[in-house]
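*Asks:* Let me give you the structure first, and then I'll get to my questions.
The values are calculated or read from the model by the stated rules, or taken from the named source; none is laboratory data. Just so it is clear, the structure is predicted and the values come from calculations on it, not from any experiment. Heads up, the Cβs are rebuilt from the backbone with ideal geometry, glycines too, and the neighbour counts pull from every protein chain shown. Just so you know, the surface numbers come from the protein's heavy atoms only, side chains and all, with ligands and any DNA or RNA stripped out. Shrake-Rupley method; radii C 1.70, N 1.55, O 1.52, S 1.80 Å.
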Amino acid sequence: MLAKPQNRISRKALTVWRISGVIRSVIGWMITAVILLILEVFNAPFWISIILITLGVIFPLYHIVISPLFRWKSWRYEVREEEVELEEGIFIKTRTLVPMVRVQHVDTIQGPLLRKYKLASVLIHTAATAHEIPALEEDEAEKLRKFISKLARAAEEDV
């Protein structure tokens, strides 16, 4: 059995995921406010408003505080000569092995939040799907992209 992956993603991922959680929460609060206004206009039962307000407090707490921390703690990856191993999951752990012979190409991606914090994600493409290693330091992501690409070419030549 393979050892558990040892590499972690950047700790700055916590900040990026928390900011994403704040953005999601603000959008959720705006939608909730519109729904509460509609409920008020149509004299809906008060308990519906209480449930919406309660959810408007619980979901942001989860998306801003709890989820990013557990998500960061659970993410691991390891790049070996024969495969890339990914481990993620808060409640359900998923361990994925991506054989190098299946890798078609490797990208780095970077949205505005990742760019602001000098992070990038590595996207490993196979014929069937793509696998992401999120929120790595920019230079680490670029080195990893080149390294996986080199290993994939070598694995392809061996076949």
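*Asks:* May I ask you to say which residue of Arg11, Arg115, Arg24, Arg18 is in a loop (DSSP other than H, G, I, E, B), over 30 Å from Glu156 (Cβ atoms) and of a type in the set (Lys, Arg)?
*Replies:* Arg11
*Asks:* Are any residues in the stretch 35-87 out of contact with any strand residue (DSSP E or B) (no Cβ under 6 Å at 6 or more places or on another chain), hydrophobic (A, V, I, L, M, F, W, C) and not in a helix (DSSP H, G or I), and if so, which ones?
*Replies:* Phe42, Ala44, Val79, listed by residue number.
*Asks:* Kindly indicate which of Glu156, Glu142 is farther than 21 Å from Lys12 by Cβ, part of a helix (DSSP H, G or I) and open to solvent by 50 Å² or more (accessible area, probe 1.4 Å).
*Replies:* On the way: Glu142 fails: farther than 21 Å from Lys12 by Cβ.
So the residue among Glu156, Glu142 that is farther than 21 Å from Lys12 by Cβ, part of a helix (DSSP H, G or I) and open to solvent by 50 Å² or more (accessible area, probe 1.4 Å) is Glu156.
*Asks:* Pick from Arg102, Arg115, Arg153, Arg145: which is without any contact (Cβ under 8 Å) to a residue 40 or more places away in the chain and touching an Asp or Glu at 6+ places or on another chain (Cβ under 8 Å)? Talk me through it step by step, then tell me what you get.
*Replies:* Working: Arg102 fails: touching an Asp or Glu at 6+ places or on another chain (Cβ under 8 Å); Arg115 fails: touching an Asp or Glu at 6+ places or on another chain (Cβ under 8 Å); Arg153 fails: touching an Asp or Glu at 6+ places or on another chain (Cβ under 8 Å).
Exactly one residue qualifies, and that residue is Arg145.
*Asks:* What pairs can you find where one residue is in the stretch 1-29 and modelled with pLDDT of 95 or more, the other is in a loop (DSSP other than H, G, I, E, B), and their Cβ atoms are less than 6 Å apart, with a gap of 6+ or different chains?
*Replies:* Pairs found: Ile9/Trp75; Lys12/Tyr117; Val16/Tyr117.
*Asks:* All but one of (1) among the basic types (Lys, Arg); (2) more than 30 Å from Glu157 (Cβ to Cβ); (3) in contact with a Lys or Arg (Cβ under 7 Å, 6 or more places away or on another chain) hold for Arg76; which doesn't?
*Replies:* In the conditions (1) among the basic types (Lys, Arg); (2) more than 30 Å from Glu157 (Cβ to Cβ); (3) in contact with a Lys or Arg (Cβ under 7 Å, 6 or more places away or on another chain), Arg76 misses (2) alone.
*Asks:* Could you check how many residues of the stretch 40-53 are farther than 20 Å from Ser25 by Cα and either touching a Leu at 6+ places or on another chain (Cβ under 6 Å) or touching a residue at least 12 places away in the same chain (Cβ under 8 Å) (or both)?
*Replies:* Looking only at the stretch 40-53, we keep the residues that are farther than 20 Å from Ser25 by Cα, and these are 40-47.
Still in the running and either touching a Leu at 6+ places or on another chain (Cβ under 6 Å) or touching a residue at least 12 places away in the same chain (Cβ under 8 Å) (or both): none.
Total satisfying the criteria: 0.
*Asks:* For the stretch 72-123, give me the residue count where each residue is more than 20 Å from Lys146 (Cα to Cα) and open to solvent by 90 Å² or more (accessible area, probe 1.4 Å).
*Replies:* 7
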